[in-house]
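So the structure is just underneath, and the comments pick up after that.
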Amino acid sequence: MNNIRDLSQYKRSNEPIFWGLFGFGGMVIAFAFPALVGMMIYVGLTGDASSFQISNVLHTWWGAAAAFLIVFGTSFHCMHRIFFSLHDLKFHPGKAGKAICYGIATILSVAAACGLAMGL
């Protein structure tokens with residue numbers, strides 16, 4: 001009696017990739033957004049924008065990479081949440097909806113990468 005399963009019967013899924021991007025985006029939102037909101041509140045209350053010169057940070061490779069990861073992570077997180085919220089509302093968009101949602105996230109990420117690359 002051989003208990004080895006025939007793995008050829010299983011269909012490969014790309015869901016782990018999308019759930020990984022969703023988790024990454026959630027982590028980015030949890031760590032980066034409170035800091036960004038705190039900086040904006042500080043600048044708004046004090047009017048001292050000179051202490052946070054974002055344009056100087058974005059002109060470095062690490063600042064541009066951080067900004068790209070923030071846009072990339074949050075866009076995939078948000079579009080994944082929208083896609084699965086449609087399922088919760090009993091609207092099943094199928095493969096076309098998946099392509100639209102993740103296509104929008106990809107377009108936002110590419111636009112951010114191009115914009116940041118032009119600024120370097």
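Miscellaneous remarks
- Filtered residues of region 65-92 (kept if open to solvent by 30 Å² or more (accessible area, probe 1.4 Å) and farther than 29 Å from Ala117 by Cα): Phe84, Ser85, Leu86, His87, Asp88, Leu89, Lys90, Phe91, His92
- Annotation: Phe72 fulfils all but one of (1) modelled with pLDDT under 85; (2) within 15 Å of the chain's Cα centre (by Cα); the unmet one is (1).
- Verdict on Ser75 being of a type in the set (Gly, Ala, Ser) and free of Cβ contacts under 8 Å to residues at least 24 places away in the same chain: no
- Test: residue in region 7-16 that is surrounded by 10 or more Cβ atoms within 10 Å (Cβ to Cβ) and free of Cβ contacts under 8 Å to residues at least 24 places away in the same chain: no
- Residue within region 96-112 that is over 17 Å from the mean Cα position of the chain (by Cα) and at pLDDT 90 or above present: yes
- Where helices (runs of 4 or more DSSP H) fall entirely within region 3-90, those with at least 1 residues that are of a type in the set (D, E, K, R), closer than 23 Å to Ala105 by Cβ and in contact with a helix residue (DSSP H, G or I) (Cβ under 9 Å, 6 or more places away or on another chain) are at 61-88.
- Taken over region 75-87, the criterion of being modelled with pLDDT of 90 or more, of a type outside the set (Gly, Ala, Ser) and over 16 Å from Asn14 (Cβ atoms) is satisfied by His77, Cys78, Arg81, Ile82, Leu86.
- Residue in region 46-61 that is open to solvent by less than 60 Å² (accessible area, probe 1.4 Å) and under 12 Å from the mean Cα position of the chain (by Cα) present: no
- Any hit, region 97-105, residues being loosely packed, with under 15 Cβ neighbours inside 10 Å and of a type in the set (Lys, Arg): no
The values are calculated or read from the model by the stated rules, or taken from the named source; none is laboratory data. Predicted model only: the values in this text are computed from it and were never measured. All Cβ positions, glycine included, derive from the backbone under ideal geometry; neighbour counts span all protein chains shown. Accessible surface areas use protein heavy atoms only, side chains included; no ligands, DNA or RNA. Shrake-Rupley method; radii C 1.70, N 1.55, O 1.52, S 1.80 Å.
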